[in-house]
Amino acid sequence: MKSLLGALSFVLVCQGVGGLLHTFTDGAFDLWALTHRIGFLDGYEVYVSGVLLVLGVTVGTAAERLPGSA
């Protein structure tokens, strides 16, 4: 469970950072982010990317606090 949450955290952080970089560099990180490809998120990409980044850090912190190894 700990490794699954760690992997999920990594994906969420990458999508959040990629979405922010895509927005602020005018599309230079086109392959990283998925938020700009989802139609109903038009105009909210920055907010959604920020939420993904915060959620990824939160999930990663929760994964580190779980007891057990792996």
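Miscellaneous remarks
- Heavy-atom surface analysis with a 1.4 Å probe gives the chain a carbon and sulfur content of 71 percent of its accessible area.
- The residues of the chain have, on average, 68 Å² of accessible surface per residue, using a 1.4 Å probe with all protein chains present.
- Where the Cα pairs of the chain fall when distances are cut into 5 Å bins, in %: 3, 20, 24, 20, 13, 10, 6, 3, 1
- Total charge dipole magnitude, the chain, about the Cα centre, Cβ charges on Lys, Arg, Asp, Glu only, Debye to nearest 20: 340 debye
- Once the Cα atoms are used to define both axes, helix 2-24 deviates from the longest principal axis of the chain by about 20 degrees.
The values are calculated or read from the model by the stated rules, or taken from the named source; none is laboratory data. Quick caveat, the model's predicted, so the values are computed rather than measured. With ideal geometry, Cβ positions are generated from the backbone for all residues, glycine too; neighbour counts draw on all protein chains shown. Protein only, heavy atoms only, side chains kept; ligands, DNA and RNA dropped before computing areas. Shrake-Rupley method; radii C 1.70, N 1.55, O 1.52, S 1.80 Å.
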